[in-house]
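The numbers here are math on the coordinates, done by the rules we state, and not lab data. No experiment lies behind these values; they were computed from the predicted model shown. In this analysis, Cβ positions are derived from the backbone assuming ideal geometry, glycine residues included, and neighbour counts consider all displayed protein chains.
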Amino acid sequence: MASTNRTSPHSESSPTPVPYSNYLHNSWLDFVGNLTLGIITAPYRRTFKLYTWKPLKDISAADGDRRTLVSLVRDWKASKYEELQSVQVASSFCAGATLAVLSWNTIPDAIWVARALWYCSLICSIWAVITSIQQKSILDELLDKDALSEAISEYDLNRTRRVILRYKKKPGIGHWIMIFVWQFPSMQMSYAWCTFLSGLTVYICTPLIRHQAWGDDTKIAIFYLAVGGVGLITFLFSSGFVYAAEKGSERSAQTSRVNADEAGIGASDVESKRSLASNDDKNGDDQTAPRQILRSRALLIDGSSRGSLEHQITSVRRKPTLLI
């Protein structure tokens, strides 16, 4: 008696579906991470994105493309030098302004928060200058502009990439620490100015905060808030316009890429149709050329015959007749 092997549908291995709670958990983690990153980098968001986040992301994605990687590293090194130079100038100016206001004694019994914010501004400015100098020394260890060409060896290119990204195959904790290090001078410079302005506001507005009697200090505080409010509103509006322009530029770049792809396909179709039409016209011209020659000859013959006939008629009309 032959035995039959029956396989139940449940015996086959099927992939276990991932619970929806895991997707929800990951989405919440991404949301919290992006929100935290946005809050921390809010004072210097565009600087962080242009000089640290986007270049390092492009360098990481260009692994294997030698020409693109060399170009990205060369451009990033030049732009990073410019960023660090701007950070040094702005931080030095902020440190000088902070040292100047620390000696103020015009408002008696000022709130201690003002001086605390000024000291924070001073230390942030100092660290911004120190870390920018340190990062310049790291950039000096990389190959110069002339050496960063397509003739660079594979070992030097990989070493340069590891110095910038701090990973070989897969990003780890060292990579994220290096991203934090690369953006640290700009972060300290931005925080220095934020704490300086915050301390200045608290110091000048001390009479309003403590509800002191109306006087010159109160008038100065109101005037300061009016002028500073206009500047703050303008800064917020300009930041919003910059953000909108940035998003518009990204959408425009995506649209242009899509249009370029479609235009490439359409151009090939149009070119093929145009070539077919030109071939048809050429064949038609080859076929109609003898006809046009014969037609022109016929017109000449007809014209000559018509001309002779008209000449005969006019000659008959002009012949003198006898008058009876």
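Against the conditions (1) touching a helix residue (DSSP H, G or I) at 6+ places or on another chain (Cβ under 7 Å); (2) in a loop (DSSP other than H, G, I, E, B); (3) free of Cβ contacts under 8 Å to residues at least 40 places away in the same chain; (4) among the acidic types (Asp, Glu), residue 58 satisfies every one except (2).
Residues checked against (1) within 22 Å of residue 182 (Cα to Cα); (2) of a type in the set (Ser, Thr, Tyr):
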| position | (1), (2) |
| --- | --- |
| 72 | yes, no |
| 79 | yes, yes |
| 84 | yes, no |
| 90 | yes, no |
| 98 | no, yes |
| 102 | no, no |
| 105 | no, no |
| 111 | no, no |
| 114 | no, no |
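For the residues 115, 166, 161, the requirement of being among the charged types (D, E, K, R) and on the phi > 0 side of the Ramachandran plot singles out 166. Quick check: anything in the range 142-151 small (Gly, Ala, Ser) and in contact with a Ser or Thr (Cβ under 7 Å, 6 or more places away or on another chain)? Looking through the range 142-151, none of the residues is small (Gly, Ala, Ser) and in contact with a Ser or Thr (Cβ under 7 Å, 6 or more places away or on another chain). Where helices (runs of 4 or more DSSP H) sit wholly within the range 142-220, those with at least 3 residues that are within 15 Å of residue 57 (Cα to Cα) and either among the basic types (Lys, Arg) or in contact (Cβ under 8 Å) with a residue 12 or more places away in the chain (or both) occupy 154-165, 173-204.
Report the residue count in the range 216-231 for those that are surrounded by 10 or more Cβ atoms within 10 Å (Cβ to Cβ) and either in contact with a strand residue (DSSP E or B) (Cβ under 7 Å, 6 or more places away or on another chain) or within 18 Å of residue 105 (Cα to Cα) (or both). So the answer is 6. Could you list, in sequence order, all residues of the range 46-69 that are within 16 Å of residue 152 (Cα to Cα) and surrounded by 21 or more Cβ atoms within 10 Å (Cβ to Cβ)? Answer for the range 46-69, where residues must be within 16 Å of residue 152 (Cα to Cα) and surrounded by 21 or more Cβ atoms within 10 Å (Cβ to Cβ): just 69.
Quick one: would you say residue 72 is surrounded by 16 or more Cβ atoms within 10 Å (Cβ to Cβ) and free of Cβ contacts under 8 Å to residues at least 40 places away in the same chain? So residue 72 fits the description; yes.
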